[in-house]
1. Run the numbers for Asn128 and Val23: contour at 0.36 nm per residue of separation, minus the present Cα-Cα distance, in nm.
2. Averaged per residue, what accessible area in Å² does the chain show with a 1.4 Å probe, protein chains only?
3. If we count every other residue with Cβ under 15 angstrom of Gly94's Cβ, Lys/Arg +1 and Asp/Glu -1, where does the sum land?
4. With a 1.4 Å probe and all protein chains left in place, how much of the accessible area of segment 83-170 comes from carbon and sulfur atoms, in whole percent?
Amino acid sequence: CCAFPRPSSAQTWHSMGPPGGDVRATATDPQHTNRIYLGTPDGHIFGSQDAGESWKLLGRVSSRVDSVVATMLVDPRRSQTLFAGSWTRDPSLGSGGGVFRSDDGGITWSASGLAGQAVRTLVQAPSNLDWLVAGTLEGVFTSHDSGASWQRISPESNRELRNIDSLAVD
């Protein structure tokens, strides 16, 4: 007579991150795939050595508590080198954000350019690992020296090349 579709079983989800927070950015160490990092909307960086089974608070990218970590990457040449792009929520405290760098696996961080820019995305070119490209609310910027210096590559005040949330290189 009739065929009825079989009910599908629901997917089972379980929490993997540290309790009580919101995750805005993640990165995996390409040399150690069980090593995962995540960034939060209050500037904290957490790390896991066991593929997310347990987490440890590592550090904070900026001294500002309103610093949102929007993007992260791990340098495939040096697992302890991480980059994070951030923006800030409270304009009354002045402009904030930029690119930050850690050379000790996320524990300590220092500014690595684009101060005051709301960095929404950050990518590293696979063909030249010194080449970083950042997308911000104001445009696209590039660094050919692992974040030591930055140049704008989108026209200034361009109404279309703004609010960059994703990029792809090579």
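The values are calculated or read from the model by the stated rules, or taken from the named source; none is laboratory data. Source: prediction; values computed, not measured. Neighbour counts are summed over all protein chains in view; Cβ atoms, including those assigned to glycine, are modelled from backbone coordinates with ideal geometry. Remember, those area values only see protein heavy atoms, side chains included, never the ligands or the DNA or RNA. Shrake-Rupley method; radii C 1.70, N 1.55, O 1.52, S 1.80 Å.
1. Numbers: separation 105, 0.36 × 105 = 37.80 nm, distance 2.88 nm.
Residue separation times 0.36 nm, minus the Cα-Cα distance, leaves 34.9 nm.
2. Numbers: 9600 Å² over 170 residues.
Per residue, the chain has 56 Å² of solvent-accessible surface.
3. Numbers: positive: Arg64, Arg89; negative: Asp66, Asp90.
Around Gly94, the charge tally is 0.
4. Details: 2200 of 4470 Å².
Roughly 49 percent of what the probe reaches on segment 83-170 is carbon or sulfur.
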